Amino acid sequence: MGKFSRLGNDLYEGRVSVNFVGRKWLWYAISGVIVIAAASGLLTRGLNLGIEFKGGVEYTVSLPHSQATQANVNKIRDAAAGTGIKQAASPTVVTAPKAIMATLEVMSPKDANIVAAAISKSVGVPISNISTSEVGASWGKDVADRAIDALIIFLVLVMLFIWAYFREWKMAIAALVALAHDLVITVGVYALSGFEVTPATVTGILTILGFSLYDTVVVFDKIRENTKNQSSSRRTYGELANLAVNQTLVRSVNTSIVALLPVASLLYVGVFQLGSGPLKDLALALFVGMAAGTYSSIFIATPLLAQLKSREQAITEQDRRAKARQRRDADRYASVPSFSEDLPISESPEGPAGELSEGDTVARTPFVAPSTRPSATGSGRVVPEAKAPIEQSGSAHRPQPTRQPRSKRGK
């Protein structure tokens with residue numbers, strides 16, 4: 001723990017630094033591969049929309065834990081398809097710890113009762129152990145539309161908030177790109193895993209977008225603090241932005257780990273203990289989104305912001321001055337010109353510097369030796385400044401009085 005604390009201090013002070021901004025193309029390539037894989041899963045497999053979005057009839061067959069087996073799943077699937085009802089031809093049947101759930105398309109109440117009776121007979125359970133939930137297709141479409149509207153409103157509010165807080169639209173663009181990155185990855189993982197998309201999934205996605213935004217705002221706030229006096233700094237905008245990421249790196253990692261541990265526990269319970277339900281849908285969205293949000297705030301948002309800002313003329317000029325200061329600090333005598341025969345002597349209003357016409361003279365300043373007068377000692381004693389140069393006295397050739405002993409005085 002002591003080494004980790006020292007590492008955090010070194011990152012904050014800049015003694016140790018990870019070049020996140022300088023290696024932006026590497027991070028872009030990694031993110032591109034992940035996003036393409038997620039998008040391909042979304043396009044090829046599609047989302048497994050829950051009954052709340054596409055409508056239908058869901059049967060929950062309560063069984064002892066030992067009877068929630070694949071054999072009974074096959075029996076329920078064959079029984080539903082064997083009714084001859086068109087909407088029950090391709091049911092989706094999954095197991096839970098103490099139940100088997102079958103989802104069918106929207107059908108009339110009469111057909112729903114026929115399917116329930118067939119399921120009851122196939123697994124040998126009373127009809128009272130089968131609960132039926134019906135959702136109309138129009139209601140499911142309305143839920144999907146409202147979820148999309150909520151996502152759009154959220155993104156618009158995010159952009160306005162960041163623009164108003166930082167007074168910088170490029171920060172808003174970088175934050176939105178990072179949010180889109182997290183959204184595509186999360187939705188793609190849902191498509192690849194085959195998890196059912198329910199209203200709990202939408203809740204989880206909106207939650208992780210807020211988490212990702214929070215982490216990004218913290219980094220951007222540190223960037224604004226570091227670049228406040230950039231005009232007198234010896235670091236470029238990209239270096240100051242990279243310093244901000246390193247200064248908040250330990251905090252971001254610690255916050256993410258603390259948040260992911262309980263979510264991972266929820267995901268384990270929802271998948272392996274409960275087997276179905278909104279808990280696992282919410283936990284998967286939270287887990288994937290939080291991990292992607294931490295990655296995007298460090299590897300995507302800040303490098304993209306530095307790249308966008310580097311195209312501004314003011315930032316380009318400040319970066320050029322900062323690099324000149326770095327070269328001057330590296331070699332203090334690099335800016336001192338070496339003597340050459342054509343070195344300019346003075347600026348002349350009659351012609352260019354270094355060119356003398358016939359008859360011109362060069363004014364020379366007399367050399368003045370530095371003062372060698374010793375400093376006065378003692379509290380409050382100051383040697384007065386000389387008012388005139390020291391000259392030879394007129395009495396230098398006359399005998400000067402000398403101090404006589406007391407015994408010879410007056411004789």
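The values are calculated or read from the model by the stated rules, or taken from the named source; none is laboratory data. This one's a predicted model, so the numbers in the text were calculated from it and none came from an experiment. No Cβ is skipped: glycine too gets one built from the backbone with ideal geometry, and neighbour counts run over all protein chains shown.
Tabulated data for the structure shown
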item: Any hit, segment 233-256, residues being part of a helix (DSSP H, G or I), of a type in the set (Ser, Thr, Tyr) and either more than 26 Å from VAL35 (Cβ to Cβ) or in contact with a His (Cβ under 8 Å, 6 or more places away or on another chain) (or both); result: yes
item: Criterion violated by VAL94 - all others in (1) modelled with pLDDT of 80 or more; (2) of a type in the set (A, V, I, L, M); (3) within 28 Å of LEU282 (Cβ to Cβ); (4) surrounded by fewer than 18 Cβ atoms within 10 Å (Cβ to Cβ) satisfied; result: (1)
item: Residue list for segment 38-73, filter: within 20 Å of ASN113 (Cα to Cα) and not β-branched (Val, Ile, Thr); result: GLY55, GLY56, GLU58, TYR59, SER62, LEU63, ASN72
item: Of all residues making up segment 203-229, the number that are over 21 Å from the mean Cα position of the chain (by Cα) and either assigned to a helix (DSSP H, G or I) or within 30 Å of ASP281 (Cβ to Cβ) (or both); result: 1
item: Test for GLY41: is it assigned to a loop (DSSP other than H, G, I, E, B) and touching a residue at least 60 places away in the same chain (Cβ under 8 Å); result: no
item: Strands (runs of 3 or more DSSP E) (entirely within segment 61-143) containing at least 2 residues that are under 28 Å from PRO199 (Cβ atoms) and small (Gly, Ala, Ser); result: 99-104, 130-135
item: Selection status of SER276, buried (at least 16 other Cβ atoms within 10 Å of the Cβ), modelled with pLDDT of 80 or more and either in contact with a strand residue (DSSP E or B) (Cβ under 9 Å, 6 or more places away or on another chain) or among the polar types (S, T, N, Q) (or both); result: no
item: Breaking point among (1) closer than 21 Å to GLU52 by Cα; (2) of a type in the set (A, V, I, L, M); (3) over 44 Å from the mean Cα position of the chain (by Cα); (4) at pLDDT 80 or above, for ILE100; result: (3)
item: Verdict on LYS86 being touching a helix residue (DSSP H, G or I) at 6+ places or on another chain (Cβ under 8 Å) and among the basic types (Lys, Arg); result: no
item: Selection count where residues are in a helix (DSSP H, G or I) and either among the small types (Gly, Ala, Ser) or surrounded by fewer than 23 Cβ atoms within 10 Å (Cβ to Cβ) (or both), scope segment 186-202; result: 9
item: Pairs, first surrounded by fewer than 18 Cβ atoms within 10 Å (Cβ to Cβ) in segment 295-320, second in a helix (DSSP H, G or I) and among the basic types (Lys, Arg), C-beta under 9 Å, six or more apart; result: GLN307/LYS24; LEU308/LYS170; GLU312/LYS170
item: Which numbered condition THR44 fails, given (1) surrounded by 13 or more Cβ atoms within 10 Å (Cβ to Cβ); (2) closer than 30 Å to ASP142 by Cα; result: (1)
item: Positions within segment 225-240 being basic (Lys, Arg) and modelled with pLDDT under 80, in sequence order; result: ARG234
item: Hits in segment 72-91 (condition: of a type in the set (A, V, I, L, M), touching a strand residue (DSSP E or B) at 6+ places or on another chain (Cβ under 8 Å) and surrounded by 20 or more Cβ atoms within 10 Å (Cβ to Cβ)); result: ILE76, ALA80, ALA88
item: Unmet requirement for ILE162, which otherwise passes all of (1) under 27 Å from VAL61 (Cα atoms); (2) part of a helix (DSSP H, G or I); result: (1)
item: Residues being assigned to a strand (DSSP E or B) and within 11 Å of GLU196 (Cα to Cα) - total across segment 48-60; result: 2
